[in-house]
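Take a look at the structure below.
The values are calculated or read from the model by the stated rules, or taken from the named source; none is laboratory data. Computed from a predicted model, the values in this text were never measured in an experiment. A quick note on method: Cβ atoms are made from the backbone with ideal geometry, for glycine too, and the neighbour counts reach across all protein chains shown. Surface areas here come from the heavy atoms of the whole protein model, side chains and all, with no ligands, DNA or RNA. Shrake-Rupley method; radii C 1.70, N 1.55, O 1.52, S 1.80 Å.
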Amino acid sequence: MIVVGAGAAGLLAALYAARGGARTVLLEGSSKAGAKILISGGGRCNVLPGIYDPAAFFTCGSRNVLKRLFRTWPLEQVRAFFEDDLQLPLQLEEDSGKLFPVAQRALVVRDALMQAVLDAGAEVRLNWRVQEIKVLENADTRFRLTAEDGQRLHARRVVMATGGQSVPQTGSDGHGYALMRACGHSVLPIYPALVPLTTADRDWPRLAGVSCRVAWRALVAGKEVDRGRGPLLFTHQGWSGPAALDASHWFEREGAVLVVAWDACTREEWSERIRTSSRREIGPCLADHLPRRLAEELLRRADVPVDQVLAQLPRGARERLLDQLSACRLEVNGSRGFRVAEVTGGGIPLSEVNPSTLESRVQPGLFLCGEILDVIGRIGGHNFLWAWITGRLAGASAARG
């Protein structure tokens with residue numbers, strides 16, 4: 001059998017296929033396996049989230065199917081795989097709730113996975129980019145894979161772990177979607193996710209470098225569709241940081257309006273802060289809770305003087321200020337795109353795979369896993385968790401098939 005793509009999902013698929021007794025060939029189109037692993041987490045690799053949260057994942061498909069897939073390999077067992085099987089101890093970063101290798105180097109994760117794949121007996125071929133997958137009539141060699149240089153391989157079973165279209169310089173350039181269309185699959189519209197957002201507003205970018213904890217909400221046609229909290233970082237183009245990245249897929253897919261509460265405080269909490277500081281000037285009061293430059297910008301937007309004494313703040317100005325503090329709309333006009341997006345949204349619908357095996361319902365003998373499927377997770381190791389779980393399931397199922 002053949003596994004196409006040596007990223008996180010592909011490495012797990014090849015490992016469990018080989019351990020399942022299948023003669024396994026792992027193909028990677030670039031010169032380096034696990035390229036995205038190596039750049040993840042700022043080069044440290046956020047291997048897993050500290051806690052599994054079903055709400056951290058999004059799909060256009062069935063959430064029951066999604067939960068069913070995660071039950072095939074619970075988080076504690078995935079962690080045990082890394083720590084006991086691969087001998088790769090992990091440690092929890094308390095502030096973020098993320099699990100990193102104790103070595104704090106992504107290279108040790110990639111190398112441990114590669115060594116496990118080789119030890120299991122799988123063959124790894126780099127610089128073998130699949131140009132075409134042809135479905136044959138012969139049941140013994142159901143698929144013919146042709147490389148860009150004309151090389152050919154035949155297999156009864158193929159696992160597709162080609163990733164999405166994010167960070168294309170790592171080899172994840174969206175080619176897998178074209179291969180799957182040729183095999184009869186449909187592809188939901190793809191979009192960059194976990195991606196920094198941009199703005200046409202000239203004032204927000206002046207705060208570049210400022211970071212503030214926020215509670216965010218995504219609104220579609222005035223209805224709240226999601227919410228979360230985390231740090232928001234101002235950039236020269238707009239916004240980044242966990243809050244912007246987690247909310248970005250709602251803007252990219254639905255054109256959602258993004259609203260933030262600064263310091264993650266409600267209108268009532270901000271109102272109480274103002275009430276208890278009534279004798280002070282508003283500028284220094286807000287600077288107790290927010291970065292000074294941000295506080296000054298919010299006051300400017302509310303048309304409230306920095307030296308305004310709170311007790312003398314007119315009712316209309318107070319309401320404008322509370323709006324800015326607790327329900328501030330970010331004027332988003334786009335994102336920085338696939339070039340810097342951490343993951344790709346959309347892709348192959350979950351309805352087109354068997355949730356018990358991840359075998360294609362369209363083409364028997366074809367299995368799909370990882371980012372090519374229509375599932376994305378929030379920042380913090382959730383997308384790696386999806387890759388590990390689905391890669392293992394697809395590889396083990398293909399070996400049995």
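Does residue 124 satisfy the criteria of being part of a strand (DSSP E or B), in contact (Cβ under 8 Å) with a residue 60 or more places away in the chain and open to solvent by less than 50 Å² (accessible area, probe 1.4 Å)?
Numbers: part of a strand (DSSP E or B): yes; in contact (Cβ under 8 Å) with a residue 60 or more places away in the chain: yes; open to solvent by less than 50 Å² (accessible area, probe 1.4 Å): yes.
The answer is yes for residue 124.
Just one of the listed residues (130, 195, 167) is within 27 Å of the chain's Cα centre (by Cα), among the aliphatic types (A, V, I, L, M) and at pLDDT below 95, and it is 167. Quickly run through the stretch 166-211 and pick out the residues that are without any contact (Cβ under 8 Å) to a residue 24 or more places away in the chain and charged (D, E, K, R). Result: 173, 181, 202.
Those helices (runs of 4 or more DSSP H) of the stretch 32-107 in which 2 or more residues are closer than 18 Å to residue 370 by Cβ and either of a type in the set (Phe, Trp, Tyr) or open to solvent by 70 Å² or more (accessible area, probe 1.4 Å) (or both) occupy 63-70. Checking 378, 336, 315 one by one, the residue that is surrounded by 18 or more Cβ atoms within 10 Å (Cβ to Cβ), within 30 Å of residue 207 (Cα to Cα) and basic (Lys, Arg) is 378 and no other.
Here is the figure for the stretch 241-287: residues that are under 31 Å from the mean Cα position of the chain (by Cα) and either assigned to a helix (DSSP H, G or I) or among the basic types (Lys, Arg) (or both) total 15.
Examine the stretch 8-19 for a residue that is more than 24 Å from residue 397 (Cα to Cα) and surrounded by 15 or more Cβ atoms within 10 Å (Cβ to Cβ), and state whether such a residue exists.
Checked the stretch 8-19: no residue is more than 24 Å from residue 397 (Cα to Cα) and surrounded by 15 or more Cβ atoms within 10 Å (Cβ to Cβ).
Residue 354 fulfils the conditions (1) of a type in the set (S, T, N, Q); (2) closer than 18 Å to residue 16 by Cβ; (3) open to solvent by less than 20 Å² (accessible area, probe 1.4 Å) except for a single criterion, (3). Looking at the stretch 86-107 only, could you name the residues that are free of Cβ contacts under 8 Å to residues at least 24 places away in the same chain and not acidic (Asp, Glu)? Scanning the stretch 86-107 gives 89, 91, 102, 103. State whether one or more residues within the stretch 68-86 are under 20 Å from the mean Cα position of the chain (by Cα) and of a type in the set (Val, Ile, Thr). Yes: the stretch 68-86 contains one or more residues that are under 20 Å from the mean Cα position of the chain (by Cα) and of a type in the set (Val, Ile, Thr).
Only residues that are open to solvent by 40 Å² or more (accessible area, probe 1.4 Å) and not in a strand (DSSP E or B): list them for the stretch 127-139, please. I'd like the intermediate steps shown before the answer.
Taking the stretch 127-139 first, the residues open to solvent by 40 Å² or more (accessible area, probe 1.4 Å) are 127, 129, 131-132, 134-139.
Residues satisfying the conditions are 127, 129, 136, 137, 138, 139.
Pick from 213, 202: which is open to solvent by 50 Å² or more (accessible area, probe 1.4 Å) and not in a loop (DSSP other than H, G, I, E, B)?
On the way: 202 fails: not in a loop (DSSP other than H, G, I, E, B).
Criteria check complete, one pass: 213.
The single condition among (1) part of a loop (DSSP other than H, G, I, E, B); (2) open to solvent by less than 40 Å² (accessible area, probe 1.4 Å); (3) of a type outside the set (Ser, Thr, Tyr) that residue 305 does not satisfy is (2). Every condition in (1) open to solvent by 40 Å² or more (accessible area, probe 1.4 Å); (2) at pLDDT 95 or above is met by residue 295 except one, and the failing one is (1).
In the stretch 20-28, the count of residues that are surrounded by 15 or more Cβ atoms within 10 Å (Cβ to Cβ) and touching a Cys at 6+ places or on another chain (Cβ under 8 Å) is zero.
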